[in-house]
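Student: Quick one: the structure is below, questions incoming.
The values are calculated or read from the model by the stated rules, or taken from the named source; none is laboratory data. As the structure is a computational prediction, the values presented were derived from the model and not from experiment. For neighbour counting, all protein chains shown are included, and Cβ atoms are generated from backbone atoms with ideal geometry for every residue, glycine included. SASA here: full protein model, heavy atoms, side chains in, ligands and nucleic acids out. Shrake-Rupley method; radii C 1.70, N 1.55, O 1.52, S 1.80 Å.
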Amino acid sequence: MDMEKCRILLQVIEDGSLTRTADKSGYTISGISRMMASMEDEVGFPLLIRSKTGVQPTGECRKLIPVLNQLARTGDLFTQQVNDINGLLTGKITVGTSYDKFYPALAHIIADFCREYPAVTAVITDGTSSQLSHAVADLNADFCIISRREGKYDWIPLMNNELLAWVPASHPAAAKDSIPVEDFDKGGFIEIYPGMETDNSLMFKKHGITPEIRFTAGGTFAVHALVEAGLGISIVNSLHNDEISSGVKVLHLSPREYVEIGIAVPDKDHISPVAKRFRDFASRRLIEAAAEL
């Protein structure tokens, strides 16, 4: 199987359009069509469903996507290692973070790295810590700042951070310094990232607590607005404390709860040359940036 064809097929699936992939890749639309037809002849079944609105993978093709990703990554790794032997660093790094606070430092680090290695491109992604930890373990990301999760990757610690409660200023607990974790099963919890594994869900699981969920939100800004409006209480990482207004009171949990934040990278047997170079380039600067947060 031609690894370049695998890469182009994956790009077509991501773009949902031969035209968009052609614009990005430098191939013509007809050239990509011939590649796809050649792959379909090779495997013996259709890979793409074409329509007026674009293209999407067939059911059979979806089953091949994990293997196609592995083949494409192997091809990229081969090219990187050959170029590294020849003294030229090339390739793509996928960098992610679960914490917006790290974006300024990451942006400057990536800019400096790409100036030093102009043949390297970078992709920035985000997600929950669990999502990004799986991405690193599956070799779909190279360098992610997350709360620590179990997984097959190497870990570089940055900081320990406290989980804190946000309650409306009018809440009975607002006059106190802390709120028992058991109180979150009594009503009015605002869940962030509903249905996903988060620091909150893992903390509740540890204590055997099932919170009474009243509202859900897809980010801390929305959670703050809901708490401020008096619609419930929530738990957030203390990195988000500069978002609060006078309508929200911040309390410690009782017992206090902490999460370890750090950098997840592929282990030494799977990390690519460009990812290894970026790890060494970025880690020290991020440790310094974390100390200032």
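Student: Name the residue farthest towards the positive end of the dipole of the chain from the options S246, I287, P118, assuming +1 on Cβ of Lys and Arg, -1 on Cβ of Asp and Glu, about the Cα centre.
Tutor: P118
Student: So, one more: Can you give me the angle between helix 273-291 and the longest principal axis of the chain, using Cα atoms only, in degrees from 0 to 90, rounded to the nearest 10?
Tutor: Helix 273-291 and the main axis of the chain meet at about 20 degrees.
Student: Quick one: Karplus J couplings for the range 106-121, per residue in order, coefficients 6.51, -1.76, 1.60, θ = phi - 60°, nearest Hz, x for Gly and Pro?
Tutor: Once θ is set to phi - 60°, the couplings for the range 106-121 become 4, 4, 5, 5, 5, 4, 5, 5, 6, 5, 6, 10, x, 8, 9, 10 Hz.
Student: If you don't mind, another one. Where does helix 3-15 land angle-wise versus the long Cα axis of the chain, in degrees 0 to 90, nearest 10?
Tutor: 50
Student: Which value, in debye to the nearest 20, describes the size of the charge dipole of the range 208-293 about its Cα centre when Lys and Arg Cβ atoms bear +1, Asp and Glu Cβ atoms bear -1, and nothing else is charged?
Tutor: 220
Student: Largest first and in whole Å, what are the equivalent-ellipsoid semi-axes of the chain based on the Cα gyration tensor, each being the root of 5 times an eigenvalue?
Tutor: 42, 24, 16
Student: How much accessible area per residue does the range 105-189 have, counting only protein heavy atoms and a probe of 1.4 Å, in square angstrom?
Tutor: Averaged over the residues of the range 105-189, the accessible area is 47 Å².
Student: Right, here's the next one. State the dimensionless ratio Rg/Rh of the range 1-79 (Rg: radius of gyration of Cα atoms; Rh: Kirkwood radius).
Tutor: 0.93
Student: Do the alpha carbons of any pairs in K92/K206; K63/K101; K206/K249; K101/K249; K5/K101 sit beyond 32 Å of each other, and which pairs?
Tutor: K92/K206; K63/K101; K5/K101
Student: Can I ask one more? Kirkwood Rh, the range 1-150, all Cα pairs: how many Å?
Tutor: When all Cα pairs of the range 1-150 are included, the Kirkwood radius is 17.2 Å.
Student: Under 14 Å from the 7 Å Cα→Cβ point of K92, by amide nitrogen: which residues of the range 20-44?
Tutor: Under cut-off, by backbone N: 21-27.
Student: Now for a different question. With a cut-off of at most 10 other beta carbons within 10 Å, and DSSP calling the residue loop, which trypsin sites (Lys or Arg not before Pro) in the range 248-292 qualify? Please list them.
Tutor: In loop regions of the range 248-292 (DSSP not H, G, I, E or B), the sparsely surrounded trypsin sites (Lys or Arg not before Pro) are K268.
Student: Let me ask something else. Please give me, ordered by residue number, the GluC sites (Glu not before Pro) of the range 104-206 that lie in loop per DSSP and have at most 16 other Cβ atoms within 10 Å. It would help to have the intermediate numbers written out before the result.
Tutor: Numbers: sites: E116, E150, E162, E182, E191, E197; in loops: E150, E197.
Here the GluC sites (Glu not before Pro) that fit, given the DSSP loop and packing criteria, are E150, E197.
Student: I would also like to ask the following. Using a 7 Å offset from the Cα along the Cα-to-Cβ direction at both T79 and H270, what is the distance between the two label points in nm, to one decimal?
Tutor: Modelled inter-label distance: 2.1 nm.
Student: Describe numerically, in nm with one decimal, the distance between label points set 7 Å from Cα along Cα→Cβ at I49 and at T125.
Tutor: That separation, rounded to one decimal, is 2.5 nm.
Student: What is the percent carbon and sulfur in the accessible area of the range 120-232, measuring with a 1.4 Å probe over the protein chains and ignoring ligands?
Tutor: 51
Student: Assigning unit charges at the beta carbon (Lys, Arg +1; Asp, Glu -1) and nothing else, what dipole magnitude in debye, to the nearest 20, does the chain show about its Cα centre? It would help to have the intermediate numbers written out before the result.
Tutor: Numbers: 29 positive and 38 negative charges, 85 e Å.
The calculation lands at about 400 debye.
Student: Now a separate question. Quick one: ranking F215, F184 by accessible area, 1.4 Å probe, largest first, what do you get?
Tutor: Of F215, F184, the descending order of accessible area is F215, F184.
Student: Right, here's the next one. Tell me which residues come under 5 Å, amide H to amide H, from I93 once H is placed; ignore anything under 5 positions away on its chain.
Tutor: HN-HN under 5 Å from I93: T121, A122, V123.
Student: In the chain, if the dipole is taken from +1 on Lys/Arg beta carbons and -1 on Asp/Glu beta carbons about the Cα centre, which of M196, S33, M3 is farthest to the positive end?
Tutor: S33
Student: Please state the Cα pair-distance histogram of the range 57-124 with 10 angstrom bins from zero: what percent is in each bin?
Tutor: For the range 57-124, the pair-distance distribution reads 18, 34, 30, 17, 1.
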